Amino acid sequence: MQALGLTSPLSTTPRLHSSLAISFGGIRLGTNSVRVATAAPSESRGRLVAVRMGKRQTELTEIRGKNTEELLDEVVDLKGELLMQKLLWSARKDYDQGSIRRNRKRIARMMTVKREREIAEGIGKRMSRKLDKKWKRSIVPRPPPSLRKMLEESKESEENNST
């Protein structure tokens, strides 16, 4: 039987005693180290988590303050932004690495709020899926806001160069 060896409380990798290694039929089974997560987070980490939670709560109150149509319009815009960011990533262009994850999470929060409202209205899961399919078919493709902004800036620069 193997037992964990005693180590100092500050150590993160307790090891098995070498005297407890097992040999079986001439094959020696080595001892592996086991990683243990630290139990006490530092004080500064706790403050950072509290700040993040505060931002998330303010974002949720902002999302809940919008009506469903505004939410769906913003979801369409964010999905376009997400596509643009993934294209930049695949082309190995310079982009904000955390933006893809942030946009995915923001879309998920908006869709969650939408579903919460449907549940409050008494719309079941099956009907919700039908409504989602209908909504997805009704989406008119349009460029994401960042691309629209780039196009406007390029038009302004062309106008300035021509005058």
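Table for the structure above
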read-out	value
Cα-based reach from Lys149 at 29 Å (exclusive), listing lysines while leaving out same-chain residues under 8 positions away	Lys55, Lys66, Lys79, Lys86, Lys93, Lys105, Lys114, Lys136
Low-density loop cleavage sites - trypsin sites (Lys or Arg not before Pro) in the stretch 54-85, where at most 15 other Cβ are within 10 Å (DSSP)	Lys66
Residues of the stretch 63-103: accessible area per residue with a 1.4 Å probe, Å²	69 Å²
Karplus-derived HN-Hα couplings along the stretch 68-73 (A = 6.51, B = -1.76, C = 1.60, θ = phi - 60°), whole Hz, x at Gly and Pro	5, 4, 5, 4, 5, 5
Virtual spin-label span in nm between Leu147 and Asp94, 7 Å along Cα→Cβ	2.2 nm
Local net charge near Asn160, Cβ-Cβ under 13 Å (Lys/Arg +1, Asp/Glu -1)	-4
Area of Leu78 that stays accessible when all protein chains are in place (1.4 Å probe, Å², to 10)	20 Å²
Residue order for Leu60, Leu151 - accessible surface, 1.4 angstrom probe, largest first	Leu151, Leu60
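The values are calculated or read from the model by the stated rules, or taken from the named source; none is laboratory data. Small disclaimer: the values here were computed from a predicted structure and weren't measured. For neighbour counting, all protein chains shown are included, and Cβ atoms are generated from backbone atoms with ideal geometry for every residue, glycine included. Just so you know, the surface numbers come from the protein's heavy atoms only, side chains and all, with ligands and any DNA or RNA stripped out. Shrake-Rupley method; radii C 1.70, N 1.55, O 1.52, S 1.80 Å.
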